[in-house]
Amino acid sequence: MSDAPTCWLTRAIITPQTLFAQGIKDSYTWHQLVWQAFPGRDGLPRDFLTRLDDKTEGTQLLVVSHTEPVRPNWLSETDSWESKPIPPAYFQARRYRIQLRANPTHKPVKDQQGNYIADAKKRKRRAITGEAELAAWLKRKGESGGFRLVDSVPLETWSEVQRFEKRPSNGSHHRGVHGVVDFSGVIEITDPVLFLNVTFAKGIGSAKAFGLGLLVLAPIH
């Protein structure tokens, strides 16, 4: 795996005081604030993933990125910020326990000629629900991403709705909703290079700009 890109893992603990001072309301606000950790990248594609979790000491922000981020100015002195490269040895285990927060969806429907169906409802991504359908979705992601689910370990899922509001600089507003699912289970790596370069580095599913798709791994030795 010598040709694999270096990935950086950043962990920040953010106090309620900072959340209030920055007016953080939803995942789109977080997306804008995390961009400030990657200065000089205006107009370039996003190359990082994020995840938020409520902890006793504050809100935990995890960032996985191809380049080292810098501590953004909006963090206060009481907020922690730690960034370090992930050692290649971390990806040499055969099995991992996983935590994944994702947006499982169906792609828009196409006709037999490969054209999108005119029906507007069928052209939109549709949320996947139901334990069997969610497990099948993650299995498909594994087939194209270098891993498989370990069937002997139950896959657990929790679903919720994430609401957000886009507020671009042109003054327009757009409200949206994501169907968010938390997955917990065990995976086995089938293609280490594909898994690192595609699944871990690029994330799983859609809506990655909204704190979804980052795979949290714990090696099983």
Top-ranked residue in the range 33-43 [being closer than 17 Å to Pro72 by Cβ and free of Cβ contacts under 8 Å to residues at least 24 places away in the same chain; ranked as surrounded by the most Cβ atoms within 10 Å (Cβ to Cβ)]: Trp35
Selected residue [out of contact with any Lys or Arg (no Cβ under 9 Å at 6 or more places or on another chain), buried (at least 18 other Cβ atoms within 10 Å of the Cβ) and of a type in the set (Ser, Thr, Tyr)] from Thr59, Thr50: Thr59
Sole residue being part of a helix (DSSP H, G or I), in contact with a Ser or Thr (Cβ under 8 Å, 6 or more places away or on another chain) and modelled with pLDDT of 75 or more, chosen from Leu138, Leu134: Leu134
Evaluation of Thr190 against (1) modelled with pLDDT of 90 or more; (2) closer than 23 Å to Leu62 by Cβ (one fails), failing number: (2)
Condition check for Val180: at pLDDT 95 or above and outside any loop (DSSP other than H, G, I, E, B): no
From Thr190, Thr199, residue being of a type in the set (S, T, N, Q), in the same structural domain as Ala102 (by TED's automatic domain parsing), surrounded by 18 or more Cβ atoms within 10 Å (Cβ to Cβ) and farther than 18 Å from Trp158 by Cβ: Thr199
Search result, residues across the range 58-70 that are touching a residue at least 40 places away in the same chain (Cβ under 8 Å), out of contact with any Asp or Glu (no Cβ under 9 Å at 6 or more places or on another chain) and either over 15 Å from Asp47 (Cβ atoms) or not in a strand (DSSP E or B) (or both): Glu68, Pro69
Where Glu143 falls short, out of the listed (1) surrounded by 14 or more Cβ atoms within 10 Å (Cβ to Cβ); (2) farther than 22 Å from Leu33 by Cα; (3) at pLDDT 95 or above; (4) not hydroxyl-bearing (Ser, Thr, Tyr): (1)
Residue match in the range 76-84 (condition: at pLDDT below 95 and surrounded by 13 or more Cβ atoms within 10 Å (Cβ to Cβ)): no
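The values are calculated or read from the model by the stated rules, or taken from the named source; none is laboratory data. Owing to the predicted nature of the structure, the values given are computational and were not obtained by experimental measurement. Backbone-built Cβ (ideal geometry, glycine too); neighbour counts: all protein chains shown.
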